[in-house]
Structures are given as C-alpha cells and as structure tokens.
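Engineer: Have a look at the structure that comes next, please.
Readers should treat all values here as calculations from the given coordinates under stated rules, not as data from a laboratory. Being a predicted model, the structure only gives us computed values, none of them experimental. Every residue, glycine among them, receives a Cβ derived from its backbone with ideal geometry; neighbour counts consider all protein chains shown.
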Amino acid sequence: MSQIATIPPLSVSVEEAARLVGHSRSGIYEVIAQGELKAFKLGKRRLILMAELKAWIERAAQAGAR
C-alpha cells in the first residue's frame, strides 16, 4: 500500500488567507494596503506566501499579547 504525501501550498489567494485566519476578505486587502501583509500578483490573481501569512499572524499575536 502506498501513501500519497500532501505538499502544503506555498501561497494562497486572498480569499483562502481570509478563511484560514478567520478574517474577512476586505480585511485582508486592508492589511495588504497598509503594508502589514505582503502579497504579489500572478496574472490576475493576488497571492500571499504562506510564510508571509504565518509571520503576519505571529506579529499580530505578539502585538495582542502586550
């Protein structure tokens, strides 16, 4: 029996990022516009690297813990 390894995505759409962190889509666009979260365009899609999303959440958690 073989097992299929799942590879986590390197980037996610704004909609997926919002779903993952429990934020609204417009809220994600807002933090991108404020420069708090980095995103890039690939064709017509705006994507967020998972590493950037995790770093943003960690910064937000640190700021909230103060």
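Engineer: Quick check, is Ser11 under 12 Å from the mean Cα position of the chain (by Cα) and hydroxyl-bearing (Ser, Thr, Tyr)?
Structural biologist: So Ser11 passes the test.
Engineer: Looking only at segment 1-48, filter to residues that are in contact with a strand residue (DSSP E or B) (Cβ under 9 Å, 6 or more places away or on another chain) and either on the phi > 0 side of the Ramachandran plot or part of a loop (DSSP other than H, G, I, E, B) (or both); which one of those is surrounded by the fewest Cβ atoms within 10 Å (Cβ to Cβ)?
Structural biologist: So the residue we want is Leu10.
Engineer: Which one of these does Ala61 not meet: (1) assigned to a helix (DSSP H, G or I); (2) surrounded by 10 or more Cβ atoms within 10 Å (Cβ to Cβ)?
Structural biologist: Only one criterion is unmet by Ala61, namely (2).
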